[in-house]
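The values are calculated or read from the model by the stated rules, or taken from the named source; none is laboratory data. Computed from a prediction, not measured in an experiment: that's the story for all the values here. Reconstructed Cβ throughout: ideal geometry from the backbone, glycine too, with neighbour counts over all protein chains shown.
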Ligand code: UDP
C-alpha cells in the first residue's frame, strides 16, 4: 500500500482522485476548504486508510509519503480572481513546500498545471512545446503565472536535486463534485438551466473550449504518476474535441426541460479565444486518451447537479 498525499484533495478534481486512489492506497488529504468541500470527501472520512488535514498548502507540512499529487489551487477564473495574491501564493509557495517534502522523502510529485500556461494561444491545437501567449499583468495572470512558475520550480528541483517530477497540463474538465457556485461554463449553464434562469454566454459564444469528463482526466493523472522516471516533461491531458460556447449552451439546453433563454454578457478580460489540446504525447507515453463522449459526460453531470440542487 502506497502512502499518498493529495493536496487540494477536497476539491473537484482532488476528491475524484481520492475516490479512485483510496481503493488500494493510504490517502492523506490536505485542503484548506477554500473552494474544496468536506461534503466531497465525506464518504472517506471514517475509512482507516484516509486522513484529512485542514491546512493551507502554503503552510509547511511534514509527513512520510511515497507520492504527492498537488491540486491545491482555485481553478475557476471568477473565483481565483477574487483573491489574486492568495491564488499566486497557493501555486508558487504551495509547490515549493511540496517539492521540499517530496525531495526529503524521495517521493514522486505530480503537479497539476494547466492549459492556461498557453494563455490566449496563437498556436492551435496547443502542443507542449508551445511557449504560450500570456498577459503577465492581466487579471488572469495570478493563476497563469503561478502555474508557470510552479512548472519552473518543478523542473529546477528535478535538475538540481533529482526530484522525481510529473507535470500534467490539464485542459477544461467537468463532472461530479463541481461546486454549484463554481462559476465555470459547464456548471454555470447546467445550474442555470435547472433553475430556469438565463444562460449567461460571455461575448458572442464563438470562443471555443475542449472539455474532458472528470473520470477520463483522473485516469490520465494516475497513468502519468505511474509512468517511467524519464517522463519529467509536461504532458497535456484533455479531450481534443472542440466546441464553441454557443454549441455548449445548445447541447445543455437540449438535455434539460427548462424555460431558460440565452442571454449575452460582456466577454471577460483576456478570455482565450480558442483552446484545444494536442494529446499526441499522452497517447504515446501514457497510452491514454479520453473515452467518454461530450454528450454522455454532460448527461452524467446533469444527473449529479439534479441530485445536489
Ligand atoms: N463562459 C460563459 N458563460 C459562463 C461561464 C463561462 O460564456 O457563465 C465562457 C468564458 O467566457 C470562456 C469559456 O466559457 O470563454 C470557458 O470559461 P471557464 O470559466 O469555464 O474556464 P476557462 O477556460 O476560461 O478557464
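Annotation note: of 271, 278, 266, the sole residue that is away from the ligand (no atom under 14 Å from the Cβ) and surrounded by fewer than 22 Cβ atoms within 10 Å (Cβ to Cβ) is 278. Residues that are touching a residue at least 40 places away in the same chain (Cβ under 8 Å) and under 20 Å from residue 221 (Cα atoms) do not occur anywhere in segment 43-56.
Residues being closer than 22 Å to residue 118 by Cα and within 11 Å of the ligand (Cβ to nearest atom) are represented in segment 153-170 by at least one member. The condition of being buried (at least 19 other Cβ atoms within 10 Å of the Cβ) and touching a helix residue (DSSP H, G or I) at 6+ places or on another chain (Cβ under 6 Å) holds for only one of 116, 145, that being 116.
Residue by residue, here is whether (1) out of contact with any strand residue (DSSP E or B) (no Cβ under 8 Å at 6 or more places or on another chain); (2) at pLDDT below 95; (3) part of a loop (DSSP other than H, G, I, E, B); (4) over 13 Å from residue 177 (Cα atoms) holds:
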position: 14; (1), (2), (3), (4): no, no, no, no
position: 29; (1), (2), (3), (4): no, no, no, yes
position: 40; (1), (2), (3), (4): yes, no, no, no
position: 43; (1), (2), (3), (4): yes, no, no, no
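Sort out for me the strands (runs of 3 or more DSSP E) sitting completely within segment 203-309 that have 1 or more residues that are in contact (Cβ under 8 Å) with a residue 24 or more places away in the chain, within 17 Å of the chain's Cα centre (by Cα) and closer than 18 Å to residue 128 by Cα.
Answer list for segment 203-309: 208-210, 234-237.
Checked across segment 81-94, the condition of being within 16 Å of the ligand (Cβ to nearest atom), at pLDDT 95 or above and touching a strand residue (DSSP E or B) at 6+ places or on another chain (Cβ under 8 Å) holds for no residue.
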